[in-house]
1. Taking segment 23-72 on its own, how many of its residues are within 15 Å of the chain's Cα centre (by Cα) and of a type outside the set (Ser, Thr, Tyr)?
2. So, PHE105, is that one more than 20 Å from ILE25 (Cα to Cα), among the aromatic types (Phe, Trp, Tyr) and either open to solvent by less than 60 Å² (accessible area, probe 1.4 Å) or in a helix (DSSP H, G or I) (or both) or not?
3. Given the structure, is LEU153 among the hydrophobic types (A, V, I, L, M, F, W, C), in a helix (DSSP H, G or I), open to solvent by 70 Å² or more (accessible area, probe 1.4 Å) and modelled with pLDDT under 90?
4. Would you tally the residues in segment 108-133 being open to solvent by less than 20 Å² (accessible area, probe 1.4 Å) and without any contact (Cβ under 8 Å) to a residue 12 or more places away in the chain?
5. Which members of segment 27-50 meet the condition of being surrounded by 11 or more Cβ atoms within 10 Å (Cβ to Cβ) and either among the acidic types (Asp, Glu) or outside any loop (DSSP other than H, G, I, E, B) (or both)?
6. Criterion first (at pLDDT 90 or above, closer than 25 Å to TYR150 by Cβ and of a type in the set (A, V, I, L, M)) does VAL110 satisfy it?
7. Which one is nearest to ILE144 (Cα to Cα), of the residues in segment 51-100 that are assigned to a loop (DSSP other than H, G, I, E, B) and open to solvent by 40 Å² or more (accessible area, probe 1.4 Å)?
Amino acid sequence: MTYDRSEYPAPMDHDTVRTVGKLLIATLSAILLLSLISVLPGVDRVIPGTPVTFVGVVGAIVTVAIVALLLYLAPALASLLRSALEGPPAVVDDIASIVQLLVVFLAVIVAHRGLAPLFVPLLGDAGWTYDVVFLAIALPPLAILAARLYVSLEPISELLAERVTRGDERDEQAGIDGTGGE
């Protein structure tokens, strides 16, 4: 069965692919930069008069940049997938939405991990509130992702079964018996 591509956005254009590629490279570069900064001599020292380290401050700045890149990347990646994938429009939309939600959830987790060295020491005994705030932020995208996965399970598995068995049908039509011979 073929699907009418007119129901999809225009085929991948150069600018969309370039933008997504640029965002991915920028995100990976920021992660690499943070890793390199964390091994510099003296960055693990506490800033005088505070319970925060230099690496905590620099890490928080780089984390904010990474989170911003991920949040900007999420809808661009979904758009790219909608243009690139073939299949029933509902399934393509489900897959694109799942990927977008995963990237948003990842941004929340990155923010939690990256901002902790800055904020948890400042909160002292109330440091547990930091985790509660991020739990409250992470639960909505996770719940929506779970619902989307549940709703998408049947259509995606049906499409997968159709594609796999169609391959078997083509083999049968070509006279291949599946045992390595014809």
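1. At the first step, the residues of segment 23-72 found to be within 15 Å of the chain's Cα centre (by Cα) are 23-28, 31, 66-72.
Applying the additional criterion that residues be of a type outside the set (Ser, Thr, Tyr) yields 23-26, 28, 31, 66-71.
The total comes to 12.
2. Values: more than 20 Å from ILE25 (Cα to Cα): no; among the aromatic types (Phe, Trp, Tyr): yes; either open to solvent by less than 60 Å² (accessible area, probe 1.4 Å) or in a helix (DSSP H, G or I) (or both): yes.
No; evaluated as a whole, the condition is false for this residue.
3. On the way: among the hydrophobic types (A, V, I, L, M, F, W, C): yes; in a helix (DSSP H, G or I): yes; open to solvent by 70 Å² or more (accessible area, probe 1.4 Å): yes; modelled with pLDDT under 90: no.
Criteria not met by LEU153.
4. Qualifying residue count for the region: 1.
5. In the first step, residues of segment 27-50 are kept if they are surrounded by 11 or more Cβ atoms within 10 Å (Cβ to Cβ); the result is 27-31, 33-34, 37-38, 40, 43-44, 46-47, 50.
THR27, LEU28, SER29, ALA30, ILE31, LEU33, LEU34, ILE37, ASP44, VAL46, listed by residue number.
6. Values: at pLDDT 90 or above: yes; closer than 25 Å to TYR150 by Cβ: no; of a type in the set (A, V, I, L, M): yes.
So VAL110 does not fit the description; no.
7. Step one: list which residues in segment 51-100 are assigned to a loop (DSSP other than H, G, I, E, B), which gives 51-52, 85-88.
Okay, now just the ones that are also open to solvent by 40 Å² or more (accessible area, probe 1.4 Å), so 51, 85-86.
On the way: PRO51: 37, LEU85: 22, GLU86: 24 Å.
Top of the filtered list is LEU85.
The values are calculated or read from the model by the stated rules, or taken from the named source; none is laboratory data. None of the values given here were measured: they were computed from a predicted structure. Every residue, glycine among them, receives a Cβ derived from its backbone with ideal geometry; neighbour counts consider all protein chains shown. Side chains are part of the model used for accessible areas, which takes the heavy atoms of the whole protein and leaves out ligands, DNA and RNA. Shrake-Rupley method; radii C 1.70, N 1.55, O 1.52, S 1.80 Å.
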